[in-house]
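What follows is a set of notes on a single structure, which appears directly below.
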Amino acid sequence: MSASSIGAPGRDRRTALALGRRRKRVDLLVRVLCCAATVLALGFLVSILWLLTYRGFAAMDLSLFTTSTRPPGSGGGLLNAIVGSLIQVAIATALGTPIGMLVGTYLAEYARTSQLGNVVRFVSDILLSAPSILIGLFVYQLLVVPFGGFSGWAGVVALSIILVPVVVRTTEDMLRLIPDTLREAVAGLGAPKWKMIVLVCWRSALNGILTGILLGIARIAGETAPLLFTSLGNNAFSTDLSRPFPSLPIAIYAYAASPYEDWIAMAWAGALLTTALVLGLNVLARAVLKTRS
Amino acid sequence: MSQATALPDAMVTPPPARQGKSAASPGDAIFAAACTAAGVFVLLLLGGIIVELFIGGWPAFREFGLGFVTGTVWNPVDQVFGAGVSIYGTLVTAVLALLLAVPLAFGVAFYLTELAPGWLRGPVGTAIELLAAVPSIIYGMWGFFLLAPIMASSVQPWMIDTIGEIPIFGELFQGPAFGTGIFTASLVLAIMVLPFIAATMRDVFQQVPQVYKESAYGLGATTWEVVRGVVLPYTRVSVAGGIMLGLGRALGETMAVTFVIGNANRISTSLFGPGNTIASIVALEFGESELGSLKLSALLGLGFILFVISFLVLAASRFLLRPRIGS
């Protein structure tokens, strides 16, 4: 409206309005596409959960928990696999948790900036995302070949190797959240460093470390590939870890790939159990983390 | 020992500082040594994986030399083993999975950081993270029993009729619609790596200083223009790191791929054709290989190659995602 725009005020204004409309339209388009992407991603989750619930509950039945594998067409259940998984995951957690906590403590309390610490942190993060099948091959070479056969112990070791980096990551992160003034206060009272770490740092980070352990358990509870090369699976009920050992993921794999309808149904029931456990642990881990604040 | 038991007293009644320090040293030395040993143990673990896989694969490497990597014949009867097809399948499925996953992951991250109302961010973010927690074998069953039949009956025939008609490029989308195959495997992989990429993107998007975004809004920019002009340039290195993390995950995924890739040792011109990946061939053929056989060695050699590829990709991801001073 000023003197400078006297040439073609109408055209400039129209161009500006058109440009503005175009920019708004592009913005709207991107917003809609992003919402659609989120809905699609959530849709995948819903689809997986729906399929598991639908097929899993159809096959759910008490004999699943009271009988072991039987030949196709004659009933049977998942008892051996469930117990086998529980035993292996429990021992692997007991083995891997202390190591993971010590490594996390080393990174957060002793080697924050040291060269060795940086290398350990890097390697631990690589192991966190490394293909689990390779851990299985490694343990096969390390424990199965020299000791003459597949064994539950080999499976336990493979699972604990997978668990360690998960615990390392959360332990270090949680210890680093503790303010240094707290450490200085403890040191100022004359406490040695190890007491400061065990009695004060670990205790303040307890919920966080617990979250890491729960996430680690959730991670190894559904691992299948490493067990193929280590504990192999076993159709009979077994508590002897020095022999091939049954586990739920291996049973699911074997049943789902079989041509028998009743075995495939059992695979779905097992899949529902495993997923419920894994997702339940994940939700629980998040709840534990929230209670700290 | 006596020094260690004297500690509580030393804490209650402050002794001279020097004495307190010397009383602490045995426990401290042991604890520090335990922590350091655990740290070194992690290094040994990685070293052990490399060495054991290489030793295991050595007979195959010695027998076939460089031809092991480039050879495309996998014939247990003639004792000829080449990893070419599996390496090709691994790379193609992983890259295709990224092409599908990255736009989706960006959309999710954009939604979670800019569009979603506050009360929805937590639940939707958690749901996306749960997608990452679902075990691989569950994805395999979902892909095989639900996705593959849908692909075979409607998606693939439709794609063959539309994209498949385009000259040259369409070659990739032709052939019979089995349902299983390279393309379906990539799709399942894409869903599996999507949450990892989306979570990384969301986290780095949130690190952009609010004043940068507000200045762009102040100039009249739309939300999309702010993300394209401010957020993405600011975070591009970390976004690349997140994508590499997804690639590293996709390369070694085993159970899900084994279910849906069709498991054939050949390179087909169509993406709908069957194939295999390093992880899937190892998982499937391992049970049929005898201890000490050349085949077992070839499988371990494949494991070594997969390890080298994923190590490089994950190291690159880690390098790109390293915390930077000033950001």
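Spot the failing condition for A:L273; the list is (1) touching a helix residue (DSSP H, G or I) at 6+ places or on another chain (Cβ under 6 Å); (2) closer than 15 Å to A:G56 by Cα; (3) open to solvent by less than 50 Å² (accessible area, probe 1.4 Å), and only one is missed.
(1)
In region B:38-53, which residues are within 7 Å of chain A (Cβ to nearest Cβ) and closer than 26 Å to B:S297 by Cβ?
Within region B:38-53, B:L45, B:L46, B:G48, B:I49, B:E52, B:L53 meet the criteria.
Given the criteria buried (at least 19 other Cβ atoms within 10 Å of the Cβ) and among the hydroxyl-bearing types (S, T, Y), does A:T105 qualify?
Considered against the rule, which asks whether it is buried (at least 19 other Cβ atoms within 10 Å of the Cβ) and among the hydroxyl-bearing types (S, T, Y), A:T105 comes out as yes.
So, A:T230, is that one within 13 Å of another protein chain (Cβ to nearest Cβ), farther than 24 Å from B:I137 by Cβ, among the hydroxyl-bearing types (S, T, Y) and surrounded by 24 or more Cβ atoms within 10 Å (Cβ to Cβ) or not?
Against the criterion (within 13 Å of another protein chain (Cβ to nearest Cβ), farther than 24 Å from B:I137 by Cβ, among the hydroxyl-bearing types (S, T, Y) and surrounded by 24 or more Cβ atoms within 10 Å (Cβ to Cβ)), A:T230 does not qualify.
A:Y110 versus (1) surrounded by 21 or more Cβ atoms within 10 Å (Cβ to Cβ); (2) within 11 Å of another protein chain (Cβ to nearest Cβ); (3) hydroxyl-bearing (S, T, Y): which is the lone unmet condition?
A:Y110 satisfies every listed condition except (1).
Return yes when A:V32 is aliphatic (A, V, I, L, M), within 27 Å of A:L214 (Cα to Cα) and in a helix (DSSP H, G or I) and no when it is not.
It is false that A:V32 is aliphatic (A, V, I, L, M), within 27 Å of A:L214 (Cα to Cα) and in a helix (DSSP H, G or I).
Does A:S247 count as among the polar types (S, T, N, Q) and open to solvent by 10 Å² or more (accessible area, probe 1.4 Å)?
No; evaluated as a whole, the condition is false for this residue.
What residue, of A:T224, A:T211, A:T291, is buried (at least 22 other Cβ atoms within 10 Å of the Cβ), under 30 Å from A:D125 (Cα atoms), more than 10 Å from every other protein chain (Cβ to nearest Cβ) and modelled with pLDDT under 95?
A:T211
Can you name the helices (runs of 4 or more DSSP H) wholly within region B:188-307 that have at least 2 residues being farther than 26 Å from B:S136 by Cβ and under 20 Å from the mean Cα position of the chain (by Cα)?
Answer list for region B:188-307: B:232-252.
Give me the pairs, please: first residue somewhere in region B:110-135 and among the basic types (K, R), second residue anywhere and surrounded by 17 or more Cβ atoms within 10 Å (Cβ to Cβ), beta-carbon distance under 7 Å, and either six or more positions apart or on two chains.
Final answer for the pair search is B:R121/B:L112.
Only one of B:G248, B:G303 is in contact with a Leu (Cβ under 6 Å, 6 or more places away or on another chain) and either closer than 15 Å to B:A97 by Cα or surrounded by fewer than 24 Cβ atoms within 10 Å (Cβ to Cβ) (or both); which?
Answer to the check: B:G248.
Kindly provide the set of residues from region A:20-43 that are farther than 17 Å from B:L100 by Cβ and either small (G, A, S) or within 9 Å of chain B (Cβ to nearest Cβ) (or both), ordered by number.
Selection gives A:G20, A:R23, A:K24, A:V26, A:D27, A:L28, A:L29, A:V30, A:R31, A:C35.
Condition test on A:G84, is it touching an Asp or Glu at 6+ places or on another chain (Cβ under 8 Å), under 28 Å from A:A158 (Cβ atoms) and either within 10 Å of chain B (Cβ to nearest Cβ) or not β-branched (V, I, T) (or both)?
no
Go through region A:145-200 and give me each residue that's surrounded by fewer than 18 Cβ atoms within 10 Å (Cβ to Cβ) and of a type in the set (F, W, Y).
Answer for region A:145-200, where residues must be surrounded by fewer than 18 Cβ atoms within 10 Å (Cβ to Cβ) and of a type in the set (F, W, Y): just A:F147.
Give the residues of region A:50-84 that are part of a helix (DSSP H, G or I) and surrounded by fewer than 17 Cβ atoms within 10 Å (Cβ to Cβ), sorted by residue number.
A:W50, A:T53, A:Y54, A:F57, A:A58, A:S63, A:F65, A:T66
Out of everything in region B:271-293 that is in contact with a Phe, Trp or Tyr (Cβ under 7 Å, 6 or more places away or on another chain) and in contact (Cβ under 8 Å) with a residue 60 or more places away in the chain, what residue ends up being nearest to A:L134 (Cα to Cα)?
Filtering first and then ranking leaves B:P274.
Suppose we keep only residues that are in contact with a helix residue (DSSP H, G or I) (Cβ under 9 Å, 6 or more places away or on another chain) and charged (D, E, K, R) within region B:215-242. Which one would you say is most open to solvent (accessible area, probe 1.4 Å)?
Restricting to residues being in contact with a helix residue (DSSP H, G or I) (Cβ under 9 Å, 6 or more places away or on another chain) and charged (D, E, K, R), the top hit is B:R228.
So, in region A:250-269, how many residues would count as being open to solvent by less than 10 Å² (accessible area, probe 1.4 Å) and within 11 Å of chain B (Cβ to nearest Cβ)?
Residues in region A:250-269 being open to solvent by less than 10 Å² (accessible area, probe 1.4 Å) and within 11 Å of chain B (Cβ to nearest Cβ): 5 in total.
Kindly indicate which of B:L294, B:L320, B:L299 is more than 27 Å from B:A199 (Cα to Cα) and more than 10 Å from chain A (Cβ to nearest Cβ).
Checking each option against the conditions leaves just B:L294.
The values are calculated or read from the model by the stated rules, or taken from the named source; none is laboratory data. All of these numbers come straight from a predicted model, not from anything done at the bench. Counting neighbours? That spans all protein chains shown, and the Cβs are built from the backbone with ideal geometry, glycine included. Remember, those area values only see protein heavy atoms, side chains included, never the ligands or the DNA or RNA. Shrake-Rupley method; radii C 1.70, N 1.55, O 1.52, S 1.80 Å.
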